[in-house]
Amino acid sequence: MILYILYVYINIILPISLADSFYCFDLLALLTMSAQRVDAKVVMLGKEYVGKTSLVERFAHNRFFFGPYQNTIGAAFVARQIQMGDKVLTLGIWDTAGSERYEAMSRIYYRGAKGAIVCYDLTDRSSFLRVKFWVEELQKCEEHCKIYLCGTKSDLIETDRTMRQMDYHDVQDYAEEIKAELFETSSKTGKNVDELFQKVAEDIYNSTTFQLMTEEKGVDLGQTNNSYFYSCCHN
Amino acid sequence: MRSLCVVMYSISAFKNFKNTVFPPVTYSGPVSREMSQKSERRGIHVDQSELLCKKGCGYYGNTSWQGLCSKCWREEYQRARQKQIQEDWALAEKLQREEEAAYASSQGAQSHPQPSLAPFSKFEEKKTNEKTRKVTTVKKFFSPSSRTAPKKENHEGKTPSPSISRQASAETDRVSRDFVDFLKNLQKPGRDIHKQCRAFTESMANKRDLSADELSECVQDFYQNMSDRLMTHFKGSTDRVERVMDQVEKYIMTRLYKNVFCPETTDDEKKDLATQNRIRALHWVTIQMLCVPVDEEIPEVSDNVVKAITDIIEMDSRRVPRDKLACITRCSKHIFNAIRITKTEPASADDFLPTLIYIVLKANPPRLQSNIQYITRFCNPSRLMTGEDGYYFTNLCCAVAFIEKLDAQSLNLSPEDFERYMSGQASPHKQEPGPRTPAGPDGSPALSTAHQNLELLNGLGVRQERVLEAARNLESDLISWREAVEREVQEILAKYPLEIRPPPSAIDSDNVENDRLPPPLQPQVFAG
Ligand SMILES: Nc1nc2c(ncn2[C@@H]2O[C@H](COP(=O)(O)OP(=O)(O)O)[C@@H](O)[C@H]2O)c(=O)[nH]1
Ligand SMILES: [Mg+2]
Ligand SMILES: [Zn+2]
């Protein structure tokens, strides 16, 4: 008899009450959720004026990606959902201030990033020198962060080939050497922008850490390792 | 009584005035900010002794701790804290019992737990508290030590002093109740969560001597374990797990706050003071130097700037890391608004960071380093690392780092100018309009500024004297008025001594003077 009551409780009453509680949760979510949950952080790096902000804006308004454009207030942080198979991945794109006065702080920005899009201007050789600086920093401090090199303003060299200051194959060699992907994009025409972010999302989705995160007993030690935090703001 | 109130009021008004004459050590309210900034710009420096601990231990004090250093603050209020901790545990016990009872009754009557009596009895308690407080204030008013009363009163409002520890523990109570209410919806797992959180906070109470990093590790481990378990329970629904985790964080950190915010084992306090002084020393930095794309001439923009400043200052008053984070996010949104209105286009990171730096310089938020450290150590990591809140928090960290390292180059100034501004020899505000004169013995703008400052200082000194004089007069008036009233009362008492007689047993029975009264009228028969 007691066993029977227990059985009824576990199989009938408990599921109902749990369902109730989920309903409460959803109401609560509407009331208290200030910001969208984000699965992975992607940081934009590059010299001032290379076109980081334009790239973020292009990505944010692109029809290729679905979901509402969350952050109409500014282009500094943008959260976008990308459909990956039967799951949805939310990327948080962190724009950074490119001015040299803030260079010393860039390390604080890319801490914990799953991907870094390091931009250079295809029509400005000097902007590539800075790329090497960030790549070395990333390799030194964020080994789990995948690097994407992005040559910007490709529409300019299409209209005038002499404008190109960075050879594609030279950069490609460098990219292979540092195990990075290379894209040449135009935020003006939108060329290759979708491809870039799609690749970033795919890589994150396929990375072991993200798989673990969404699995049933998901523990993502790599991502939530505390050691990041202690040194934050103090170096 | 009424005139007395007026007198007391005017004394406190003078006191406030005094506060505004000298730049306050920290931001103390929206009213005085305007004034303090003006005086800061004129280059008046605070006496070093004003910054020292009021107990005279030689260490620096902090207005957040009523002018004491952290050590004296702690000693001073150890007892109050101890008492509160005991109250906390008592309440936790009570809530546990209630929760257990609610759970038991919900097994019988499903889903509708009996409403407990707790809220009502709490209300009663609060009422009596208020009463006693009123009584003591009135007493203070009339006791001979009433001279010092207004001072104390003044402090009570704005700092987390033990006198409002009652309020703080009321907050703890409320959070605990909310937590139990929230968990009730979860039934059995909710009960487990509650038990574990309680056990955890209890265990943390015995770990006072751990370093801040170790404390942080304990809390982070607990978050990790708890979310792992919830992940299994909710079958991988990250949203649900996070919603429970938010409540767990709120419950735990409200309780642990007092022991783990700016702990003695760290140099957080020293850093707070260093940052505070640094920001004060940089009062001359202008919008133009930082390239801030904000035009404060536009009312709507300055409105947003003020709101951003208020939000960032408010951060210090929150106890839950996530609530502190929310203050930073609100501040950031106001900054975005200010930029969008000025530029008529959405702000990018290149606009946002300089503006945030400007806001931090203007606000000089209390205990900035402690707050950043606290959030870093005790916030649920998933929120801090990837999401929107995390983005703004990271920018705040960068702003602070920038302010710490800021030099001539980062403001596009010559090293000489930077030095002169830092040492207070010159101010960029005064120089901008007029043409620059070569630094001569007489025509030097720095000298004339110094002269002006001296004059202002003298003027202020005289006014200060007058204020003190008036306050002294008021005080003596008050005392003599009191004495006069006392004397009058004594006289009246002497004139009409109060005699208490036993109540008359029967009408006229002991009316001794009865016989002196004319005899009662008698009906008389007139002959006729
Ligand atoms: N033609 C062209 N101009 C671009 C492109 N991307 C950015 N720009 C221009 O480059 C300048 C700097 O862009 P911005 O996004 O602000 O660079 P950031 O400093 O790296 O954020 C702006 O004037 C943009 O209009 C592009 O793909 N094509
Ligand atoms: Mg930009
Ligand atoms: Zn002291």
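The values are calculated or read from the model by the stated rules, or taken from the named source; none is laboratory data. Note that the structure is a prediction, hence the values are computed from the model and not measured. Counting neighbours? That spans all protein chains shown, and the Cβs are built from the backbone with ideal geometry, glycine included.
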Residues in region A:96-130 that are more than 14 Å from chain B (Cβ to nearest Cβ) and either over 29 Å from B:N412 (Cβ atoms) or away from ligand 2 (no atom under 16 Å from the Cβ) (or both) total 6
Here is a check on your reading of the model: is B:R330 farther than 22 Å from A:G98 by Cα and either within 13 Å of chain A (Cβ to nearest Cβ) or modelled with pLDDT under 95 (or both)?
yes
From the set of residues in region B:394-414 that are assigned to a helix (DSSP H, G or I) and small (G, A, S), which is farthest from the chain's Cα centre (by Cα)?
B:S410
Within region B:278-289, is even one residue among the polar types (S, T, N, Q) and either within 16 Å of ligand 3 (Cβ to nearest atom) or without any contact (Cβ under 8 Å) to a residue 40 or more places away in the chain (or both)?
yes
Yes or no: B:E249 surrounded by fewer than 19 Cβ atoms within 10 Å (Cβ to Cβ), in contact with a helix residue (DSSP H, G or I) (Cβ under 8 Å, 6 or more places away or on another chain) and of a type in the set (D, E)?
no
Considering each residue of region B:347-363, count those that are of a type in the set (G, A, S) and away from ligand 2 (no atom under 16 Å from the Cβ), and give that number.
1
Find all pairs meeting these conditions: Cβ atoms under 8 angstrom apart; at least six residues apart or on different chains; first residue within region A:153-176 and touching a residue at least 40 places away in the same chain (Cβ under 8 Å); second residue away from ligand 2 (no atom under 16 Å from the Cβ) and among the hydroxyl-bearing types (S, T, Y).
A:K153/A:T123; A:K153/A:S186; A:M163/A:T123; A:R164/A:T123; A:Q165/A:T123
Across region B:193-237, which residue is nearest to B:F261 (Cα to Cα) among those that are of a type in the set (S, T, Y) and crowded, with 18+ Cβ neighbours inside 10 Å?
B:S216
Tell me the residue from B:P433, B:P381, B:P354, B:P428 that is surrounded by fewer than 24 Cβ atoms within 10 Å (Cβ to Cβ) and either modelled with pLDDT of 90 or more or facing another protein chain (nearest Cβ under 9 Å) (or both), please.
B:P381
Tally of residues being surrounded by fewer than 18 Cβ atoms within 10 Å (Cβ to Cβ) and either within 16 Å of ligand 1 (Cβ to nearest atom) or not small (G, A, S) (or both) across region A:72-125:
12
Enumeration of residues in region B:285-316 that are of a type in the set (D, E) and either in contact with an Asp or Glu (Cβ under 9 Å, 6 or more places away or on another chain) or in a helix (DSSP H, G or I) (or both):
B:E300, B:D303, B:D311, B:E314, B:D316
Those helices (runs of 4 or more DSSP H) lying entirely in region B:337-393 with at least 2 residues in contact (Cβ under 8 Å) with a residue 12 or more places away in the chain and within 16 Å of ligand 1 (Cβ to nearest atom)
B:349-363
Given B:P189, B:P263, which one is more than 22 Å from B:G387 (Cβ to Cβ), within 13 Å of chain A (Cβ to nearest Cβ) and touching a helix residue (DSSP H, G or I) at 6+ places or on another chain (Cβ under 7 Å)?
B:P189
Kindly indicate the residue of region B:407-421 that is more than 9 Å from every other protein chain (Cβ to nearest Cβ) and in contact (Cβ under 8 Å) with a residue 40 or more places away in the chain and also surrounded by the fewest Cβ atoms within 10 Å (Cβ to Cβ) among those meeting that condition.
B:L413
